[in-house]
Amino acid sequence: MQPYVICHMMSSLDGHALTDGWDRAFKKDAGDLYEKLAQTFAFDAWICGRVTMQEIAHDDGYPTGLANAPIPRTDHFVERNAESYAISIDPHGKVAWKNNQALGSHVVEVLTEGVADDYLAYLQSVGVSYMFAGKTEIDLEHVVQVLGKELGCKRLIVEGGPHVSGSFVNAGLVDEVSVLILPLVDGRGEHPASFEVSPDAWKQPVHLKLVSAEVQDGGAVWLRYARA
């Protein structure tokens, strides 16, 4: 059975998702609340894009010259019974993990077949799992199916960034949308919205139905929607 997918976001009143430039104390309190609400979903895998994962990994690059021969483009799962998984959507293989853990979860890199052999050799050296989801583009439906079939994942939470969240919604894979609206106006028009998809990839508006709306401490509002 395909896993249940929740897209959990945090945004300003005007729909911006990037927190850089926000007051540090406000940003920390909002982040703590966001994570507290995320835990209520009892997920077994959480999903982020490359940029977010590079921040979590404290990425400073990986060594080259590790692959002595071409490495087959086959899925490589080091841990199949982890309590939780950190799924890194990283098409070109950029995130330099120092070990196979991210915030207490076993790391699984989601790659395209064009990734460098040296990167695959590096992931193997630090015990990171990886899977392939397309030759040049990531097939998110394939990702969800493999996580369910191979790792037994039942509940996935997509936590961004905006392009990853937008792509999951656009692919019709999201069962529930959770948005924490913060009492803040960002005002920087160049910042991405909570959900971003390139114009040529956008299919159609996604209609939702409200499940709940809860006021949180500090004036934030937590909205939960299901697919209409």
May I ask you to verify whether residue 95 is assigned to a loop (DSSP other than H, G, I, E, B), in contact with a strand residue (DSSP E or B) (Cβ under 8 Å, 6 or more places away or on another chain) and open to solvent by 70 Å² or more (accessible area, probe 1.4 Å)? no
Looking only at the stretch 56-91, how many residues end up being out of contact with any strand residue (DSSP E or B) (no Cβ under 6 Å at 6 or more places or on another chain) and either of a type outside the set (Asp, Glu) or loosely packed, with under 11 Cβ neighbours inside 10 Å (or both)? 20
Evaluate the stretch 203-211: report whether one residue or more is touching a residue at least 40 places away in the same chain (Cβ under 8 Å) and open to solvent by 20 Å² or more (accessible area, probe 1.4 Å). no
Those residues of the stretch 59-91 which are under 21 Å from residue 165 (Cα atoms) and either aromatic (Phe, Trp, Tyr) or in contact with a helix residue (DSSP H, G or I) (Cβ under 8 Å, 6 or more places away or on another chain) (or both) amount to 85, 86, 87, 88, 89, 90, 91
Yes or no: the stretch 41-51 includes at least one residue that is without any contact (Cβ under 8 Å) to a residue 24 or more places away in the chain, open to solvent by 30 Å² or more (accessible area, probe 1.4 Å) and assigned to a loop (DSSP other than H, G, I, E, B). no
Please work out if residue 124 is free of Cβ contacts under 8 Å to residues at least 24 places away in the same chain, surrounded by fewer than 23 Cβ atoms within 10 Å (Cβ to Cβ), under 24 Å from residue 67 (Cβ atoms) and not aromatic (Phe, Trp, Tyr). no
Go through (1) over 25 Å from residue 212 (Cα atoms); (2) touching a residue at least 24 places away in the same chain (Cβ under 8 Å); (3) open to solvent by 10 Å² or more (accessible area, probe 1.4 Å) and name the single condition residue 179 misses. (1)
Being surrounded by 15 or more Cβ atoms within 10 Å (Cβ to Cβ) and either in contact (Cβ under 8 Å) with a residue 60 or more places away in the chain or touching a helix residue (DSSP H, G or I) at 6+ places or on another chain (Cβ under 8 Å) (or both) narrows it down to one residue among 117, 29; which is it? 29
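The values are calculated or read from the model by the stated rules, or taken from the named source; none is laboratory data. Since this is a predicted model, take the numbers as computed values, not measurements. Neighbour counts run over all protein chains shown; Cβ positions are idealised from the backbone, glycine included. Areas reflect the complete protein model, heavy atoms only, side chains present, ligands, DNA and RNA absent. Shrake-Rupley method; radii C 1.70, N 1.55, O 1.52, S 1.80 Å.
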